[in-house]
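Derivation of every value follows stated rules applied to the coordinates shown; laboratory data play no part. It should be emphasised that the depicted structure is a prediction, and the values quoted were computed from it without experimental measurement. So basically every Cβ, Gly included, is an ideal-geometry build from the backbone, and we count neighbours across all protein chains shown.
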Amino acid sequence: MSFEDPAISVPIPTRSTLDPQVEQFVRAMDADAGKFGRRETLSIAQARDIAETVRKRWVVGGPEMARSVEHTVPTRHGDVRVRAHYPVQRALPGVFVYLHGGGFVLGSLDTHDRVMREYAQRAGIVVIGVHYTRAPDAKFPRPMQECADVLRWVAANGALLDVDAAKLFVGGDSAGANFSMGASLELRDCGEKILQGIVLNYGSVSSNLYRNSVIQYGGGDYGLSLMSMMWFRAMHVATGADLTDPRVDILRADLRSLPPTWMVVAECDPVHDDMVELGEMMRAAGNDVRMKVYPGAAHSFLEAVSISDLAVEAFEDTARWLRERSAVVAN
């Protein structure tokens, strides 16, 4: 007896091809990570060490800064370390606070140091990275609240930081994009209009893992996998109910009255559909949103800037948007 019905066919979504330079990055990352055990079998400390190790080659080089300074910032949950990069040529007087990715668990100021320096040099703006407390050491909402408090501190300490804090931007990649949105929502709800813009790079903005882009690109051969996404979420939240909190699942949030937003979307990325839907929802809510999908790009492709023309393009696009928004604020 056969259980197959030739009349029934299940369409498999068509997958796009990775940009060759981005594919080189993805394969190199996979090869380096493959030298170690599966993440689910490791301790958190081991997983973090591996994440630092496999990214070392992608962090070296890049723009030299005039200076880089670290500060300790008080938050409602305790002190948080930040790193401020000052470019050699400062074209913009404002400041861009950057929240690194890493699935809420991994990543650091060091893994994303080149990303921050690229923004600083290309936009001519001071970039401040935030070493928020990572999961599972701190569960939601603490890391997001730490980021919101850092933004408040930056807004109040322009003289100390030698920036025009009235021209304050926030942004991040992956989990950092999630925190950027969560912090922006908190500030809006508290009536604190201190942000002039948001930058979202391939953000993890929804708890829904049943999207076409997850089916297409979540198998692991495009970098970020469905298994990793599930593990990251389990580390980030304390209860299943947290997954429906609009500060975690941003697509459930009231998205009205948010600052102008620039969105970098990777085509070959499990979170592609979430990002596109978020952009559409934010526009429908009356916000100024600009979004660009980068063909052949994978999750984390900005980290491939040393070899990827597509990453360079994305950095330049964001730098241009920051300059344009800064000019609007100045007027």
Order of 67, 122, 325 under a 10 Å beta carbon neighbour criterion, fewest first: 67, 122, 325
Once label points are set 7 Å from the Cα along Cα→Cβ at both residue 38 and residue 156, what is their separation, rounded to one decimal in nm? 4.7
Would you order 255, 99 from fewest to most other beta-carbon atoms within 10 Å of each residue's own beta-carbon? 255, 99
Sorted peptide list for 176-185, 139-148, 16-25, 33-42, criterion being average Cβ within 10 angstrom, highest first: 176-185, 139-148, 16-25, 33-42
Whether the stretch 157-203 is rounded, prolate or oblate, judged on the alpha carbon gyration tensor where a/c under 1.5 counts as rounded: oblate
Quick one: length gained pulling residue 189 to residue 320 fully straight, 0.36 nm per residue minus the C-alpha distance? 44.3 nm
Contour excess over end-to-end distance, with Cα ends at residue 45 and residue 244 and 0.36 nm allotted per residue: 68.8 nm
Can you list the aspartates and glutamates whose alpha carbon is less than 20 Å from that of residue 193, not counting same-chain residues fewer than 8 positions off? 146, 149, 164, 254, 288, 324
Highest mean first, what order results for 74-82, 202-210 on Cβ atoms within 10 Å? 202-210, 74-82
Would you order 222, 132 from fewest to most other beta-carbon atoms within 10 Å of each residue's own beta-carbon? 222, 132
By how many nm would the segment from residue 60 to residue 210 lengthen if fully extended, with 0.36 nm per residue of separation less the alpha-carbon distance? 50.3 nm
Shape of the stretch 181-326 from its Cα gyration tensor (a ≥ b ≥ c, root eigenvalues): rounded if a/c is under 1.5, otherwise prolate when a/b > b/c, or oblate? oblate
